[in-house]
Amino acid sequence: MDRLDNTIRPYAWGSPTAIPQLLGVEPTGEPQAEMWMGAHPGAPSRTDRGTLVEVIGADPEKELGPAAVAKFGPRLPFLLKILAAGAPLSLQVHPDLAQAREGHADEERRGIPVDAPHRNYKDANHKPELICALTEFDGLCGFRAPLEAAALLDDLGVDSLKPYVDLLHAHPEDAALREVLTAILTADPDDMSRTVAETATACTSLGGAYAPYADIAHHYPGDPGVIAAMLLNHVRLQPGEALHLGAGVPHAYLNGLGVEIMANSDNVLRCGLTPKHVDVPELLRIVRFLPSDPGVLRPEA
């Protein structure tokens with residue numbers, strides 16, 4: 001048995017205290033967002049015998065077992081993380097397996113460096129994921145019904161949101177969601193900044209169901225993802241409850257500590273709530289524009 005030495009990623013949205021408290025160590029003062037446990041090339045776990053990538057590569061069948069190698073190939077098929085959100089993460093989606101392979105091959109052909117800021121596909125794998133809450137955990141997952149989203153926006157009384165409200169009343173539902181997300185992400189930046197500022201003020205005043213969006217706007221002033229976030233279901237998990245996020249489902253984690261397991265991938269397409277690259281055409285190709293229930297998973301004896 002090998003003891004794993006794991007990398008902690010200091011992303012800006014990470015909590016400075018949650019992971020250190022879980023591990024029983026002193027905080028460093030910097031954000032500690034994700035602890036990666038696995039064999040992803042971006043941050044593989046380390047052992048006395050080398051990185052987990054090297055250990056598995058030396059003898060896949062011994063380390064993983066013949067059945068796993070036959071099904072998934074000579075690599076660890078999953079990645080486990082401890083995730084500690086002290087602020088909202090980027091609003092994002094993940095590709096399915098065919099889309100990941102196609103996108104990765106295309107970017108490789110075009111010679112885009114894997115660490116380039118505009119690179120979408122860092123590997124050729126999909127990234128279905130499941131998060132299980134260790135503390136109370138807030139997130140956004142999947143589209144609301146368009147009429148529900150329209151009512152949420154309309155009740156804010158912000159005139160510049162009216163065109164989005166009208167779009168959400170169109171039929172069919174998938175077309176309505178596609179139209180409004182496209183309109184939000186391609187709006188004039190100055191106009192959108194003003195809309196987000198007015199929306200944030202209204203959300204702060206109303207509180208209640210609007211409080212999460214006021215907090216998002218506080219962290220990302222002027223970001224179109226604030227409006228896009230209101231198209232999604234808000235979910236609050238209690239410790240032990242979990243949420244599954246399939247391919248093409250827009251989502252974001254807002255606050256809390258959880259254990260996350262996913263396919264061994266780091267492919268992310270962002271919709272907003274980020275200073276990073278947002279590839280709108282590719283995003284719109286990947287997103288599944290279907291309203292859905294978040295489907296909170298609860299433990300069973």
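Worth pointing out:
- Debye equation applied to the C-alpha atoms of region 175-214, log10 I(q)/I(0) at 0.25 Å⁻¹: -0.83
- For the chain: accessible area per residue (Å², 1.4 Å): 48
- Residue pairs exceeding 24 angstrom between C-alpha atoms, taken from K127/K162; K71/K276; K81/K122: K127/K162; K71/K276.
- Counting protein heavy atoms only, region 143-225 has 54 percent of its accessible area on carbon and sulfur, 1.4 angstrom probe.
- Given R0 = 51 Å, the distance between the Cβ atoms of S160 and A301 translates into a calculated FRET efficiency of 0.50.
- Using only side-chain charges placed at the Cβ, +1 for Lys and Arg and -1 for Asp and Glu, the dipole size of the chain relative to its Cα centre rounds to 580 debye.
- Net lengthening on full extension, D115/T17 (0.36 nm per residue, minus Cα-Cα): 32.4 nm
- Computed helical MRE - 222 nm, the chain, DSSP H runs ≥ 4 contributing -39500 (n - 2.57), nearest 500: -10000 deg cm²/dmol
- The relative contact order of the chain, computed from alpha carbon pairs under 8 Å that lie at least 6 residues apart in sequence, is 27 percent.
- Solvent-accessible area of R236 with every protein chain in place, 1.4 Å probe, in Å² to the nearest 10: 130
- Residue with peak Gaussian network fluctuation, the chain [Cα springs, cutoff 10 Å], from V25, V55, V69: V25
- For the chain, built as a Gaussian network whose Cα springs stay under 10 Å, the top-fluctuating residue of P113, P212, P250: P113
- Label-point separation, D293 to T51 (7 Å along Cα→Cβ), nm: 4.3
- Centroid-to-centroid, using Cα positions, region 19-57 and region 224-301 are 23 Å apart.
- Ranked by solvent-accessible area (1.4 Å probe, protein heavy atoms only, all chains present), the residues M35, M1 order from largest to smallest as M1, M35.
- Lys/Arg +1, Asp/Glu -1 at C-beta; the chain dipole; positive extreme among V180, P41, V280: P41
- Candidates L257, L273, L22, ranked by Gaussian network fluctuation over the chain, Cα under 10 Å, top entry: L22
- Here the spin labels are modelled as points 7 Å beyond Cα on the Cα-Cβ line, and at T182 and T135 they lie 4.1 nm apart.
- On full extension, the segment bounded by R285 and A58 gains 77.9 nm, given 0.36 nm per residue less the C-alpha separation.
- Check: region 224-301 dipole with +1 on Lys, Arg Cβ and -1 on Asp, Glu Cβ, in debye: 180
- The magnitude of the dipole of region 143-225, with charges of +1 and -1 set on the Cβ of Lys/Arg and Asp/Glu and taken from the Cα centre, is near 120 debye.
- Positive end of the dipole of the chain (Cβ unit charges, origin at the Cα centre): among G208, S193, L140, the Cα lying farthest that way belongs to L140.
The values are calculated or read from the model by the stated rules, or taken from the named source; none is laboratory data. Nothing here was measured: the structure is a model prediction, and the numbers come from that model. Backbone-built Cβ (ideal geometry, glycine too); neighbour counts: all protein chains shown. With ligands, DNA and RNA removed, areas are computed over all heavy atoms of the protein, side chains included. Shrake-Rupley method; radii C 1.70, N 1.55, O 1.52, S 1.80 Å.
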